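The values are calculated or read from the model by the stated rules, or taken from the named source; none is laboratory data. All figures in this text were calculated on a predicted structure; none of them were measured in a lab. Using ideal geometry, Cβ is built from the backbone for each residue, glycine included, and neighbour counts are taken over all protein chains shown. Keep in mind that these areas ignore ligands, DNA and RNA; they rest on the heavy atoms of the full protein, side chains included. Shrake-Rupley method; radii C 1.70, N 1.55, O 1.52, S 1.80 Å.
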Amino acid sequence: MNKRLFFLLIGASVVLAAFSHYFLQNEIIRFITASLAIIFLAAWLGKATESVAHYAGNRIGGFLNATFGNAAELIIAFFLVKEGNFDMVKASITGSIIGNVLLVLGLSVLFGGLKFKEQKFNGRLAGYNASLMTLGVVALFIPAVFLGELPLERIQTLSIVIAVILIIAYVLWLIFSLVTHKEFLADTEQEEGEPLWSKGVSIIMLIVATVFVAVVSEWLVHSVEIVSHTLGWSELFVGGFVIAIIGNAAEHSAAVLLAMKNKIGAAVEIAIGSSLQIALFVAPTLVLVSLLFEHPMNIVFSVFELAAIAVGTLIAISISRDGATNWFEGVLLLSVYIIIGTAFYFV
Amino acid sequence: MNKRLFFLLIGASVVLAAFSHYFLQNEIIRFITASLAIIFLAAWLGKATESVAHYAGNRIGGFLNATFGNAAELIIAFFLVKEGNFDMVKASITGSIIGNVLLVLGLSVLFGGLKFKEQKFNGRLAGYNASLMTLGVVALFIPAVFLGELPLERIQTLSIVIAVILIIAYVLWLIFSLVTHKEFLADTEQEEGEPLWSKGVSIIMLIVATVFVAVVSEWLVHSVEIVSHTLGWSELFVGGFVIAIIGNAAEHSAAVLLAMKNKIGAAVEIAIGSSLQIALFVAPTLVLVSLLFEHPMNIVFSVFELAAIAVGTLIAISISRDGATNWFEGVLLLSVYIIIGTAFYFV
Amino acid sequence: MNKRLFFLLIGASVVLAAFSHYFLQNEIIRFITASLAIIFLAAWLGKATESVAHYAGNRIGGFLNATFGNAAELIIAFFLVKEGNFDMVKASITGSIIGNVLLVLGLSVLFGGLKFKEQKFNGRLAGYNASLMTLGVVALFIPAVFLGELPLERIQTLSIVIAVILIIAYVLWLIFSLVTHKEFLADTEQEEGEPLWSKGVSIIMLIVATVFVAVVSEWLVHSVEIVSHTLGWSELFVGGFVIAIIGNAAEHSAAVLLAMKNKIGAAVEIAIGSSLQIALFVAPTLVLVSLLFEHPMNIVFSVFELAAIAVGTLIAISISRDGATNWFEGVLLLSVYIIIGTAFYFV
């Protein structure tokens, strides 16, 4: 696409969303304009990520994308925690995890697979991701199992201990994957083509685009809540699906674009890396941050949320284990996503 | 075995079973004669399948066998649904799934393994089967988790949505495995020996044998119910074990015969392909078909049934993952089958 | 270390522990002296095992170690069963399983991984271990699922049937791994260095060290119970963590020593082999042995214990599947161990 036209569309959509947000009262219009802006901003973010990925290698690029993609969610969740709306926080954490491992990964694998017969990536990385996701599921599962037996204050202490362990494990994972065993996890794919921008410009683009995505995401989330209340959707469905889908739009487009360029390794890294970061870093950070406020948040998720996370992780691990993907595996991931989405909708 | 003697035995056993069914009142005799007929018919079906498999390649042969093997069960379940005996339908679906992944696969692997030190098959296929079975388990598991929270009518709608998704996924799987990625899943084994009949005769044999199996299976199921009531067996045990074992006798003998000829790939395809077809096609079809009758059937299985399916699938995936089998893996599968069977018996 | 000094330290620590046990009343001193003796005895056992492993091959060495390591636990559990303290027996069985698959394996992998970038072992063995552990989990899981529905006497009968199946499966596993498919599971690592003692002396050392460990373990367990009651620890925590950690000290040091000598295959064999033996042999044997006493013990574990065993097995399988380990995988195993330990502590 023409570069100038691209930036013109982004600018126009953001101005339109800002105008609606500050001057219009109609929530439907606010919702539509913010969604539109997010779509273009996410495309921009995707391009910037791809360009940075070119310079940094697929994996670091994927890691950066996962970080910036989740920055928006972390900010939104922070304000929800401050307001004490813990159910919505947990629903959106659940939604982000399954949105990444099922929807983002599913779409990437499906569209990549429609273009290429089989796409390969570093299977060793898939193994580590599987073990880390298992740790995340275990960490969320244990307090829920013990909930019935323990008094609330002990659940709170247990939550803090688990949150600290998860953050330590995540930091050690970064040391492992970026320092001590960097070359183990390097992607075997070859870089191809020319990036859109120079290294410095790419990084600036990535940062600026992320900031815009975060700002507009917040407008969007605000209006989507009102819109969804009007439509009578459950909190679990709104937090777990509507917010998560829109909040992860950046990852969606970036991952799918990479998959369609046969960089499935980077797409997998975005999808699974992002959900790992949410389970092992964002969720425990929110538990610890909540200690600063009047009502601390525990780490106990509902049975529905745990079932969704466990089931999503299980099928993603089953599919990614062999380090190769094809269109049918995308179908499987999306099938599970739709089944869980339908169940959440009906609650 | 002498061909003429073989057909003589089949003919005699079927005539005997038919005579008992139409003219005798003693259920024990009916049961024994029908069982005898099924054993010979199943052997015939095994021979015919093997012969067709020779012409069609192991995988297609296995697929055909799984289809015809389940035709009998689909017919039986259809009448049970019509009568509104949903508990028995679900117990027999459960029994067919675990009967295939544990008993049929276990016997094949055990007997094949006693003859050959190690038997190999297409490990890639095992990976897909694992992912598909996981989808099946998830699809049956989700509505059960949400059951307590939802009103009955919503469970019904959720069941229909899940049934449609499963059938779509199964059709896409057939497109994937038989059209777009056919060569990926082809078995690496070499064909050996001469088939018993020509291609055309083999196909006719397969069809005719299947029809006979279906007819006699129904007689058998009829008498086994009365016999089991006399013996005081629980519905879960009768549906899940007695019916399932007899209804899958065809797969048993065919799969074990193939395994003992070192065609373990075809045996695995029969066992796992058959259980996939039941979970992803037969079960959802029965849910949709039930809409035609007064009382529609939902897709909610009992905790025992889900535990049995999940556990059976888990151990089968664990064992088949490496694309190689030996006698001890057969022991493991059969151990789990006996444990579940004992538990079902005591309920 | 100087051989003479080594034996002097062992002798001194055992004499000190014996003196405290028979002549002192202070439980804290008894506890400290017994712990000290165990540490030296375990080091001795480790040296002896290593030496025997040199002659017998890593796998048989690991198997012997696992057997002798669990002899102590079997004796302790026997007396607990006799006294009818079933909750403590089950807690210590749970603790031994997760202590082996999480703590022993975690420390071995972590310390081995800090010394060597990547350590490899026979991946095929890992696959069998995974399937066997799955059988163990299934066997403990099934009766718990059915518990609510069944009368107590039927649970008892079900327990006996499951116990017999597990023991048969374990015996067949020994035949498989030591007789019919011995060479399949042989470790690919090369032996290095000279053993400390001759073959005969090594075996005698192994036996004598094991006897001493068992005797002192019992003193230790006796005093630790009183110490822990003074400190207000829960039965689940004492049985599942304190007893299990001390009772498995022998495996700890032996496995970690082997891992640090790059014999990770033997370390994995000790850790997983030991937990397999507890799940498939020690636990069912105790169920059968309990029939000799007034109150028979069933095989129904609590939800917490099952969750701990399932979760520990899951992460251990996930990590060992690829037949290679590194320090971060040790971190993951230990993280899960600490999370479960914290939860048990708070109950």
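As a fraction of the 1.4 Å probe accessible area of chain A, surface on carbon and sulfur atoms comes out at 69 percent.
Over the whole of B:25-31, what's the average partner chain Cβ count within 10 Å per residue? Rounded to a whole number, please. Per-residue shielding by partner chains comes out at 0.
Restricting to DSSP H runs of at least four residues, report the calculated mean residue ellipticity at 222 nm for the protein assembly as shown, -39500 (n - 2.57) per run over all residues, nearest 500 deg cm²/dmol. Could you put the intermediate results ahead of the total?
Numbers: 42 runs with 768 residues, N = 1041.
Helix contribution divided over all residues of the protein assembly as shown: -25000 deg cm²/dmol.
For chain A, what relative contact order do you get, as a whole percent, if you take Cα pairs closer than 8 Å and at least 6 residues apart? Intermediate values should be presented prior to the final figure.
Details: 510 pairs, mean separation 142.3, N = 347.
Relative contact order comes out at 41 percent.
Interface residues of the range B:284-319, defined as those with an accessible-area decrease of at least 20 Å² between the chain by itself and the complete set of protein chains (probe 1.4 Å), are B:Phe304, B:Ala307, B:Val311, B:Leu314, B:Ile315, B:Ser318. Residues of the range B:131-179 whose accessible area, computed with a 1.4 Å probe over protein heavy atoms, drops by at least 40 Å² once all protein chains are present relative to their chain alone are B:Ser131, B:Thr134, B:Leu135, B:Val138, B:Ile142, B:Val145, B:Phe146, B:Arg154, B:Leu158, B:Ile165, B:Leu172, B:Phe176. Each eigenvalue of the Cα gyration tensor of the protein assembly as shown, multiplied by 5 and square-rooted, gives one semi-axis; in descending order these are 43, 43, 28 Å.
Distance between the modelled labels on C:Glu294 and A:Leu152, one decimal in nanometres: 4.4 nm (7 Å Cα→Cβ projection). Pick out the long, greasy-scoring helices in chain A: whole DSSP H runs spanning 27 Å or more along their own axis by Cα, mean Kyte-Doolittle at least 0.5. TM-like helix candidates: A:3-23, A:27-56, A:58-82, A:123-146, A:152-175, A:199-231, A:327-346.
Taken across both chains, chains B and C shield about 2700 Å² of accessible surface from a 1.4 Å probe.
Roughly how crowded by other chains is peptide B:224-231, in terms of the mean Cβ count from those chains within 10 Å of each of its Cβ atoms?
Details: counts 0, 0, 0, 0, 0, 0, 0, 0.
Going residue by residue through B:224-231 and averaging, the value is 0.
Here the range A:252-347 is treated as a Stokes sphere of Kirkwood radius computed over C-alpha pairs; at 37 °C and 0.692 mPa s its diffusion coefficient rounds to 213 µm²/s. Counting Lys and Arg as +1 and Asp and Glu as -1 over every other residue whose Cβ lies under 14 Å from the Cβ of B:Phe346, the net charge comes to -2. In the frame of its principal axes, chain B has Cα extents of 59, 52, 36 Å, reported largest first. Could you calculate the FRET efficiency of A:Ile28 with B:Thr180 from 1/(1 + (r/R0)^6), where r is the beta carbon distance between them and R0 is 41 Å, rounded to 0.05? That pair, A:Ile28 with B:Thr180, gives E of 0.50. Note on A:Leu114/C:Asp87: beta-carbon distance plugged into 1/(1 + (r/R0)^6) with R0 of 51 Å gives a FRET efficiency of 0.35.
Label-to-label distance, A:Val303 versus A:Ala18, with points set 7 angstrom from Cα along the beta-carbon direction: 4.9 nm. Computed over neighbours whose Cβ is under 14 Å from that of A:Glu225, the net charge equals -4, Lys and Arg +1, Asp and Glu -1.
Distance between the pseudo-spin-label points of C:Val208 and A:Arg124 (7 Å out from Cα toward the beta carbon): 4.6 nm.
Highest first, please rank the peptides A:281-292, C:171-182 by the mean number of other Cβ atoms sitting within 10 Å of their residues.
On the way: A:281-292: 19.8, C:171-182: 15.4.
Ranking, from highest mean packing down: A:281-292, C:171-182.
The protection proxy used here, the mean number of other Cβ atoms lying within 10 Å of each residue, ranks peptides B:269-280, A:323-334 as follows, highest first: B:269-280, A:323-334.
What is the distance in Å between the Cα centroid of the range B:210-275 and that of the range A:279-323? Spelled out, the Cα-based centre of one part sits 42 Å from the other. Accessible area per residue for chain B is 37 Å², calculated with a 1.4 Å probe on protein heavy atoms, without ligands, DNA or RNA. Spatial offset of the range A:25-52 relative to the range C:99-173 amounts to 50 Å, using the alpha carbon center of each.
For the residue pairs A:Lys263/C:Lys120; B:Lys120/C:Lys117; A:Lys115/A:Lys263; B:Lys3/B:Lys47; C:Lys3/C:Lys199; A:Lys3/A:Lys47, the alpha carbons lie more than 22 Å apart in A:Lys263/C:Lys120; B:Lys120/C:Lys117.
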